[in-house]
Structure formats: C-alpha cells, structure tokens
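Novice: Here you go, one structure.
The values are calculated or read from the model by the stated rules, or taken from the named source; none is laboratory data. Remember, it's a predicted structure, so these values are computed and weren't measured experimentally. As a convention, Cβ positions derive from the backbone with ideal geometry for all residues, glycine included, and neighbour counts pool all protein chains shown. The protein model used for the area step is the full one, side chains on, heavy atoms only, and it has no ligands, DNA or RNA in it. Shrake-Rupley method; radii C 1.70, N 1.55, O 1.52, S 1.80 Å.
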Number of protein chains: 2
Amino acid sequence: MKKHNFNAGPSILPREVIEKTAQAILDYNGSGLSLMEISHRAKDFQPVVDEAVALFKKLLNIPEGYSVLFLGGGASMEFCMVPYNFLEKKAAYLNTGTWAKKALKEAKAFGEVVEVASSEKDGFTYIPKNYEVPADVDYFHITTNNTIYGTELHADPDVNVPLVGDMSSDIFSRPVDVSKYICIYGGAQKNLAPAGVTFVIVKDDALGKVSRYIPTMLNYKTHVEKGSMFNTPPVVPIYAALQTLRWIKAQGGVEEMQRRAKVRAEMLYAEIDRNKLFRGTVTNKGDRSLMNICFVMADEYKDLEAEFLKFATEKGMVGIKGHRSVGGFRASCYNAMPVESVQALIDCMQEFEKMH
Amino acid sequence: MKKHNFNAGPSILPREVIEKTAQAILDYNGSGLSLMEISHRAKDFQPVVDEAVALFKKLLNIPEGYSVLFLGGGASMEFCMVPYNFLEKKAAYLNTGTWAKKALKEAKAFGEVVEVASSEKDGFTYIPKNYEVPADVDYFHITTNNTIYGTELHADPDVNVPLVGDMSSDIFSRPVDVSKYICIYGGAQKNLAPAGVTFVIVKDDALGKVSRYIPTMLNYKTHVEKGSMFNTPPVVPIYAALQTLRWIKAQGGVEEMQRRAKVRAEMLYAEIDRNKLFRGTVTNKGDRSLMNICFVMADEYKDLEAEFLKFATEKGMVGIKGHRSVGGFRASCYNAMPVESVQALIDCMQEFEKMH
C-alpha cells in the first residue's frame, strides 16, 4: 500500500533525493567507493559542499557578507551557540512554543534575557502580536515555525534590532529577508535532509563581538574560516541536502515551494473547518502553520480519536499522531509532500465522517 | 578496477554495511518509507539504538554503571564537553599528536591543565613513556591512536587516576579495560560508521561532580537521561553503526579484529622495513599504530614520492597520501580492511622497487 508520510521530522524527502543518496552509498560518482567511505577532503566531495553553499545563497537570495555552515549537533546545540556567539548583555526572545522556550532557557546562562511576549498561558495556540522589542538587545530570537503547536510566523518581523531565527521546520518553504537576520539556523531533517546536519546562515561581521571565551567548536568563526571543514562534517546528510537543494531549484525555488505549501494547507484546513468531526487547534487562523497542520476531534466526537488514528493508519497515513503536548493529530506537510497525499488524508477524514 | 580504500577517515566499511544502509535508505524494513524519512521516535527505530548500545556494551565488555551515547558534532566537540563535564580543578593530558594537542588546548579554558609528557619536539614519532600523572587530577586524557603520526597506545595505561580516552581511530580494534575510564569517546567515521555520529561511553557516577553550569546539549547527563534521544540523533549514521557492530560480532568480536589488525600491520611494516625505497616514520617500533601505517621514501629516494603515489593510485590504491604534517604515505587499515588490499599495496611497493 502507498504510504503517505506526514512525519514531523525526520520527514518526507523527494524520492529522487532518496534514490540518489542510496546510489551514492553503493557507488559514489562511479569511483568504486561508497559515499560513506570517502574522505570529506576528497577532491570529489568539496564540490558537494561548495554547491550546497551556493544553492543556499541563491535559493534564499542571501546577501553578500553571510556564510553558510553545515554542522552537527542539531538545532538544540544552536540554542547555546547563539548566545555564546552573540549575547553580550541582553537578548530578546519570543516564546511561541516548546523549542522557542528551550532556546530562551539556554540563553539565560549567558546574559539577560527578555521574553518579549508569550502565548504559553493559552497553550501556544497563536503567535503573540503587538509586543515591544527593547532597542538595546543584541538580538531578537524567533522560532519561525512551531512544529508542535502548528503556528508559524509567515513573514520576517519588522523590528529595529538584528534577528536570529530558528527555521528548522520551515526553511525553504518561503522567501526570507535574510538581511534582517544575523543568524538563521535549523536542524535539516525536515525540509532539507536526513537527520544529522544542522545548517547555519551567519552574518560574518556580527561575529567576534562578544567578550567571553568561546570553545573552538562552539565558535561560528571556527567554522566560517574553515568552510565547515574544521573537523569531519556529516558527509552523507550533506550530500542528501545538496540533492534536495537541486530539487528545490529545479521545481522553481522557494516561491514555488510556498505556492505548493499554501495549496496543501488551504485544502487541509478547509476540510478541518468543514468536517464536523474535527477542529483546528490554532485559535488565530492567520497564524496557522503551512508546515504542521494540527487538529483534534471536535468536543462531541472526542471518543473517536483512537479510532480515527487506526482508520487513517490502515489507509496508509504515517506520522499523523499529534505531539503529546497537543494531542489529536498533526499532518506535517513539508516541501516534498505531494498534494495527492493531502487529498488521501482528506478522503480519510470525509469517509470517517460518513461513518459517524 | 578494484579500489583499495586506505582512507584515514571517513574510511572503509564492510561491504554488507554499505549495502544494508543503501537498502534501508530505499525502503526501511519493508515499511515503504526511507530510513532518511522515518521519525527517530518511530517504533522501528528505537530498537536500532537499543541494539547498538547493547552491542557496544557486549563487544567492549563494558561494566555496569556506564552509558553509551550517540551524539553529533564529532570528537572535536568532545574536546570541550569532556572538561565541561569532568574538569573541576586540574586535568592531565598526554600530548601525542595533533588531536591530543587540540583536546589539551580546549581544556585550558576550564581549569588547570598539566601536560604530563609530549613527543612534539620529536615530531610525535613515538608515545612518551615514564611520565608521572599527578595524583590530584580529575582525569588523565589520552588519545589512544594518533591517526596523523601513526602511533598508538596498545594498552590502557596503568595510572591511579580516572582515564578519559579519545578512541576515534582505534575503537573496536582491541579489547579495552573500560573500568579504567570515566569517558571514552570518538568520531565514528573510522571503525564504525559514516561521518556524522560520535560515540561516548560515560561512567554514570562520574557525572554531576563539577560546580559550573553546563549548557544542556553539552551536558552528558542530558543525553544519558534521554538515551541519546534528547534531540533528533543522526539516524542514518546510527543505523550504519549498528550494521558494523553486528558485523564485528559475527566476525568474532574485538579479539578477532585485533588479530586481523596485527596480521595486516605486520605484513605492511615488514615490507616497509625491508624495501630499500621506504622507511617507517615512527621511531619506536613498539608504538607503531595498527590502524594508520605511516611511511616515507628513504632519504636517497626522496624524489620518487610523487611517482610512487601516481604508480600506486593507478593500481587502485586510494587515500595513501600522508597527512601534510608528516608527508609521504599513510595506509589506514581499519577493521574492514581486507588483507588482500594490504597485499596489493605491498605488491605495488615491490614492483616499484624493481623499477628503481
């Protein structure tokens, strides 16, 4: 049976990315060696990193003066690397969910942290608005998409301080005004690659401004100066990321990714709003994520949750169980998600509705 | 033409590990999904981590009270995590090469660091002996195999303080007395897996003894408590590591790996010592690495270096160029290296000798 992969991450990747990576693992570029056993300093691997960096810059229209890094450790490691590198006195954080809160908590060990706004008391069901960011902070940190709660900042905020953005789960799903940011980072295991590589876009002249000692591996400068080759980078995940970047470019870039995301999300949210059995969890519809579409059973059908999960699973839906913090369901629709899979989920919802 | 993979790392892996990983990337356990797009919390991935941990413990005969972690970031990240977690006042380091020196340098930001001995002034051509380790240090750090210089500690030192060992390049190549260590770590991209996963064996009751704040991701306790699942671990490299661990077990364990390593190394060092064109770089033969076999042209044949490299490359040898710090040649012979490849290199050396 055809599987429809709604996993929240690691998550769906284009089939050609999967096939090219498998092929490279069997035989890399006809070299007789596996991608898993070539040196990261091999003549035929450096072009992979170079092209991946170039495609990052091209697809996101990154201005001059920024570096693109591929590191290990995941976005969680960036939660401490960001304040290590940028927080001299004070930083502002927007608390929009579990990951935003973890980033904020980590920064507190490095300086004063201002939580400019939070939707926590309302279960993170919207993105706070009308907050003030102090003018004297070193940066303002945002989590652009909240994977667990299904909310998303659909545009880069207009503030008068430099932004830092965790874009783990919506990178390459929309155009970004990178010039507003000194740092954009994310685990790549959603829109880009398998787990194991973390991307960082960093403004070069924002580095070197803090007075503390930074351990070598936690210092972005180390990696900027060595082009992500200070130590052995995660070769296979970087190779897969390059294949995805090529795919995004061939499909029409981030504008096309955004168009598709809107089509998918509109279809599915329309069904959630129409179907008597379900309701969306995000209270402000304008904040609904295009990537992670969260819904629960409507109050009068609460008892049907396990039954719908079983029903949908039997129809080939994978990974639609909601995060334990929210419950219900979450359909993650990353870049590689075909509209047919969204339709298949909608068909499930409609068929299930007819049964009740 | 058959390639003989002497890469220093990432490096040769058993063919069945490569094929099983490629297959899992195309279709994981018949699930219809790729290993690259399943959740790390999927029911069928947790057993991968569990079995990998169990095999680590079994193959290395790890006593009770130790945890095995799979992290990102590489051994270089451990250079700061080790002192972050264990260095309260003073630590001792043995300076045996580039990586040992980097680990030592990193520790200096966290406390007093005693370099108990160094072979640096002699180009790291041997492992220092007859050093004294102060009794009041928190730990004594060793790099058990020096990939660049081709030296190796063939046994765990007898000292009266806890050991910390960087075993990036010789893990699973010999039995280890883990009970002497509070921490053993390494990048896995030599004897175990593709690049992207770092293994850490840590003694549970050695944690939590330093008074400093440790950022969440740098705190071993975080990962011990969550079984390497605090954040998304590098799924594909861990899967490949499991396949290698199964292979090691099926071949006969670390004793068999050690036997094979000795056979390979004895063959190749014998040829280096016999062949008039070459000489080994390690001055104390007892310190010669079984993993990284370094040699240069004999003084009177120095001019032939480029020619031999070309000659051997044309015969299918891959990755035998020595590190720039040493020059000449380095034949890395990790666990998966077949004796036939070592023989092929010896044949090259003998054929080349006849030509000169």
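Novice: Report, by residue number, each residue of region A:252-311 that is within 21 Å of A:Met167 (Cα to Cα) and without any contact (Cβ under 8 Å) to a residue 60 or more places away in the chain.
Specialist: Within region A:252-311, A:Gly252, A:Glu256, A:Arg259, A:Lys262, A:Lys285 meet the criteria.
Novice: Something else about it: Checking A:Gln258 against (1) more than 11 Å from every other protein chain (Cβ to nearest Cβ); (2) open to solvent by less than 10 Å² (accessible area, probe 1.4 Å); (3) out of contact with any strand residue (DSSP E or B) (no Cβ under 6 Å at 6 or more places or on another chain), which single condition isn't satisfied?
Specialist: (2)
Novice: I'd like to check which strands (runs of 3 or more DSSP E) are fully inside region A:1-119 and have at least 3 residues that are within 21 Å of the chain's Cα centre (by Cα) and in the same structural domain as A:Gly227 (by TED's automatic domain parsing).
Specialist: On the way: elements: A:66-71, A:90-95, A:112-118.
Here the list reads A:66-71, A:90-95.
Novice: Among what's in region B:214-249 and is facing chain A (nearest Cβ under 7 Å) and of a type in the set (Val, Ile, Thr), pick the residue that is surrounded by the fewest Cβ atoms within 10 Å (Cβ to Cβ).
Specialist: Going through the qualifying residues, I end up with B:Thr216.
Novice: Select from region B:35-46 the residues that are under 17 Å from A:Gly196 (Cβ atoms) and either surrounded by fewer than 16 Cβ atoms within 10 Å (Cβ to Cβ) or more than 7 Å from chain A (Cβ to nearest Cβ) (or both) and write down the one among them that is modelled with the highest pLDDT.
Specialist: Filtering region B:35-46 down to residues under 17 Å from A:Gly196 (Cβ atoms) leaves B:35-42, B:45.
The next check asks that each one be either surrounded by fewer than 16 Cβ atoms within 10 Å (Cβ to Cβ) or more than 7 Å from chain A (Cβ to nearest Cβ) (or both); those that pass are B:35, B:41-42, B:45.
Details: B:Leu35: 97, B:Arg41: 88, B:Ala42: 86, B:Phe45: 94.
My answer is B:Leu35.
Novice: Go through region B:158-174 and give me each residue that's small (Gly, Ala, Ser) and either over 12 Å from B:Lys190 (Cβ atoms) or open to solvent by 10 Å² or more (accessible area, probe 1.4 Å) (or both).
Specialist: Within region B:158-174, B:Gly165, B:Ser168 qualify.
Novice: Of all residues in region B:289-346 being touching a Cys at 6+ places or on another chain (Cβ under 7 Å) and of a type in the set (Lys, Arg), which is nearest to B:Leu268 (Cα to Cα)?
Specialist: B:Arg330
Novice: Next question, about the same structure. Test of understanding: among A:Gly74, A:Gly9, A:Gly65, A:Gly32, which residue is more than 10 Å from every other protein chain (Cβ to nearest Cβ) and at positive phi? Break it down into steps so the answer makes sense when it comes.
Specialist: Numbers: A:Gly74 fails: more than 10 Å from every other protein chain (Cβ to nearest Cβ); A:Gly9 fails: more than 10 Å from every other protein chain (Cβ to nearest Cβ); A:Gly32 fails: more than 10 Å from every other protein chain (Cβ to nearest Cβ).
Going through A:Gly74, A:Gly9, A:Gly65, A:Gly32 in turn, just one is more than 10 Å from every other protein chain (Cβ to nearest Cβ) and at positive phi: A:Gly65.
Novice: Sticking with this structure for a sec: Suppose we filter region A:284-319 for residues that are more than 17 Å from A:Lys262 (Cα to Cα), open to solvent by 50 Å² or more (accessible area, probe 1.4 Å) and not aromatic (Phe, Trp, Tyr); how many remain?
Specialist: The qualifying residues number 11.
Novice: In region A:176-201, which residue that is more than 10 Å from chain B (Cβ to nearest Cβ) and among the polar types (S, T, N, Q) is most open to solvent (accessible area, probe 1.4 Å)?
Specialist: For region A:176-201, the residue satisfying everything is A:Ser179.
Novice: Among (1) open to solvent by 10 Å² or more (accessible area, probe 1.4 Å); (2) at pLDDT 95 or above, where does B:Met77 come up short?
Specialist: Among (1) open to solvent by 10 Å² or more (accessible area, probe 1.4 Å); (2) at pLDDT 95 or above, the lone unmet condition for B:Met77 is (1).
Novice: Okay, moving on. Residues in region B:1-33 that are open to solvent by less than 50 Å² (accessible area, probe 1.4 Å), over 19 Å from B:Ala195 (Cα atoms) and free of Cβ contacts under 8 Å to residues at least 24 places away in the same chain: how many?
Specialist: Here the count works out to 4.
Novice: I'm trying to understand the selection: among the residues of region B:330-343, which are open to solvent by less than 20 Å² (accessible area, probe 1.4 Å) and touching a Lys or Arg at 6+ places or on another chain (Cβ under 7 Å)?
Specialist: B:Cys333, B:Tyr334, B:Met337, B:Val342
Novice: When you go through B:Asp166, B:Asp204 one by one, which is the residue that is among the acidic types (Asp, Glu) and either closer than 21 Å to B:Leu290 by Cβ or within 14 Å of another protein chain (Cβ to nearest Cβ) (or both)?
Specialist: None of the other options fit; the residue is B:Asp166.
Novice: Within region A:267-356, which strands (runs of 3 or more DSSP E) (wholly inside it) include 1 or more residues that are under 22 Å from A:Ile171 (Cβ atoms)?
Specialist: In region A:267-356, A:292-297, A:329-332 are the strands (runs of 3 or more DSSP E) which contain 1 or more residues that are under 22 Å from A:Ile171 (Cβ atoms).
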